[in-house]
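Take a look at the structure below.
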Amino acid sequence: MRLIGNILWLVLGGLEIAIAWLVVGLVLCITIVGIPLGVQAFKMAKLTLTPFGTHVVYGGGAGSLLLNIIWVVLVGLWMVLGYCVAGLLNCITIIGVPFGIQSFKMAKLALWPFGSQIV
C-alpha cells in the first residue's frame, strides 16, 4: 500500500512540490546564513517525495528550539496554514483521507523542522 500511495502522491502533485522544495533549498544555500534553512527545505523535499511509510522523529535541544521559533515567525506559520488547508480539502472524500493525513504530517514538520529526522 505504501508504494501505491507514494506513486499516487507523486502523480497527483507531490513531485512538483518536492521539486519546488529542492529549488528553494538550493536558493537558500547560496548564502552561508541561508544554509541551515536550505537543509530544512531539503528535509521537506525528502518527506514530500515519499510521505507514505516514513516517520518524522522530533528532537533537538535549545538551539533547535530557538531556530524553530525564528522559522515559525518567518515562514513556518504560512506553510502550516497551506498544508492544513490542503489536508482538510483532501479529507473531504474518503479516498483523500490518507493524503490528508500525509498533509498534516508535513504541516507538523513545516512548523518545527529543526532537530527533526525523517526515518
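So for the pair LEU81, ILE118, with labels modelled 7 Å out along Cα→Cβ, what separation do we get in nm?
Roughly 2.5 nm, to one decimal.
Counting pairs of alpha carbon atoms under 8 Å apart in space and at least six apart in sequence, what relative contact order in percent does the chain give?
28 percent
So which trypsin sites (Lys or Arg not before Pro) in segment 1-46 are both in a DSSP loop and have at most 14 other Cβ atoms within 10 Å of their Cβ?
Nothing satisfies the criteria.
For the chain, report the accessible area per residue in Å² (1.4 Å probe, heavy atoms, rounded to an integer).
Accessible area per residue: 60 Å².
Give me the three principal axis extents of segment 1-68 from the C-alpha atoms, as integers in angstrom, largest value leading.
Between the extreme Cα coordinates on each principal axis of segment 1-68 lie 38, 27, 11 Å.
If R0 is 35 Å, what FRET efficiency do you get for VAL27 and VAL97 from their C-beta distance, rounded to 0.05?
0.55
What's the carbon and sulfur percent of segment 60-104's accessible surface, probe 1.4 angstrom, rounded to a whole number?
85 percent
List every DSSP H helix in the chain whose Cα atoms extend 18 Å or more along the helix's own long axis and whose mean Kyte-Doolittle hydropathy is at least -0.5.
Length and hydropathy pass: 15-28, 35-49, 77-90, 97-111.
Over the residues of the chain, compute the C-alpha Rg and express it relative to 2.2 N^0.38 Å.
Normalised Rg, Cα atoms only: 1.05.
In percent, what relative contact order does segment 58-119 have, based on Cα pairs under 8 Å that are 6 or more apart in sequence?
48 percent
With runs of 4+ DSSP H residues as the only contributors, calculate the mean residue ellipticity of the chain at 222 nm using -39,500 (n - 2.57) per run, divided by the residue total and rounded to the nearest 500.
Theoretical 222 nm ellipticity from helices: -20000 deg cm²/dmol.
Could you tell me how far the Cα centroid of segment 42-119 sits from the Cα centroid of segment 2-33, in Å?
Segment 2-33 and segment 42-119 have Cα centres separated by 13 Å.
The values are calculated or read from the model by the stated rules, or taken from the named source; none is laboratory data. All figures in this text were calculated on a predicted structure; none of them were measured in a lab. Note that we place each Cβ from the backbone using ideal geometry, even for glycine, and neighbour counts take in every protein chain shown. Accessible surface is based on the protein model in full, side chains and every heavy atom, while ligands, DNA and RNA are left aside. Shrake-Rupley method; radii C 1.70, N 1.55, O 1.52, S 1.80 Å.
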